[in-house]
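This report concerns only the one structure given below.
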Amino acid sequence: MAVSVLALLTLAACGTESGSGSGSGDGSGTVRTDLPVTGVHWNVDSVTVGGKRTAAPDGAHVTITPDGRATGNFGCNHFTAAVRVDGDTVTVKPATTTEMGCEKDLQQFERALSGTFSGRLTAAATEKHLTLTTAEGDSIAFTSEPSARSSAPPGPSPLWSPARPSRRCPPVRRRRRD
């Protein structure tokens, strides 16, 4: 029994960490370290560098795997990087990227995002949102994308069932051999 109480107290102490403000865990300055950062497809909403916020282009995203790999798209080019997640700290090693030619606006956004998504970052996560912030105060805002599996209804596909065969294919006719 004493071991159970000790384990419970230890887990309770690890549940949240105070951020730069105070709050009750509702996003008002508290960093929840028990929410998943890895294994989630994070769409980039915006990057703020030097106080200037820039909205992300469609397709900019990051996924951090549990084994320490970040993959994604900076807006035009794809990237991969080694990552370490330790509590509310995310450390990103230099990324390897593709080198496609991009429009000027996309290039500027990519420079801002790739420069911010590197080094030691502080994570603030809620169920659907993640913010990574540098020591200088620059930040990246993300929104999680629901898993395709979790949004699909259970059971067989509604597009096909044995009672309603596909109309695209003509019925199979078998010839009798005499």
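Coordinate-derived values only; no laboratory data. No experiment lies behind these values; they were computed from the predicted model shown. All Cβ positions, glycine included, derive from the backbone under ideal geometry; neighbour counts span all protein chains shown.
Given H placed on each backbone N at 1.01 Å, which residues far from Gly75 in sequence or on other chains put an amide H within less than 5 Å of it?
For Gly75, whose amide H was placed from the backbone, the distant partners under 5 Å are His61.
Which distance in nm do the two modelled labels at Lys128 and Asp86 give, with both placed 7 Å along the Cα-to-Cβ direction?
3.3
Modelled label-to-label distance, Thr38 and Gln107, 7 Å Cα→beta-carbon offset: nm?
Going from the Thr38 label point to the Gln107 one covers 3.7 nm.
In whole Hz and in residue order, list the ³J(HN,Hα) couplings for region 135-146 that follow from phi through the Karplus curve 6.51 cos²θ - 1.76 cosθ + 1.60, θ = phi - 60°; x for Gly and Pro.
5, 7, x, 6, 8, 10, 9, 10, 10, 6, 9, x
Just to confirm a number: summing +1 for Lys and Arg and -1 for Asp and Glu over residues other than Val92 whose beta-carbon lies under 10 angstrom from that of Val92, what do you get? Let's see the in-between values first.
Working: positive: Arg84, Lys93, Arg120; negative: none.
The answer is +3.
Rounded if a/c is under 1.5, else prolate if a/b beats b/c, else oblate: with a ≥ b ≥ c from the C-alpha gyration tensor eigenvalues square-rooted, which is region 77-139?
Working: a/c = 2.12, a/b = 1.69, b/c = 1.25.
Note, shape of region 77-139 comes out prolate.
Under a plain spin-label model, where a point goes 7 Å from the Cα along Cα-to-Cβ, how far apart in nm are Lys93 and Thr54?
According to this spin-label approximation, the distance is 2.7 nm.
For region 79-93, what does the Karplus curve 6.51 cos²θ - 1.76 cosθ + 1.60, with θ = phi - 60°, yield as ³J(HN,Hα) per residue in whole Hz, taken in order and with x for Gly and Pro?
For region 79-93, the Karplus curve yields 8, 9, 7, 7, 9, 10, 10, 9, x, 9, 10, 10, 10, 10, 7 Hz.
So, counting K/R as plus one and D/E as minus one, what does the shell of residues with Cβ under 14 Å around Ala135 add up to?
Result for the local shell: -2.
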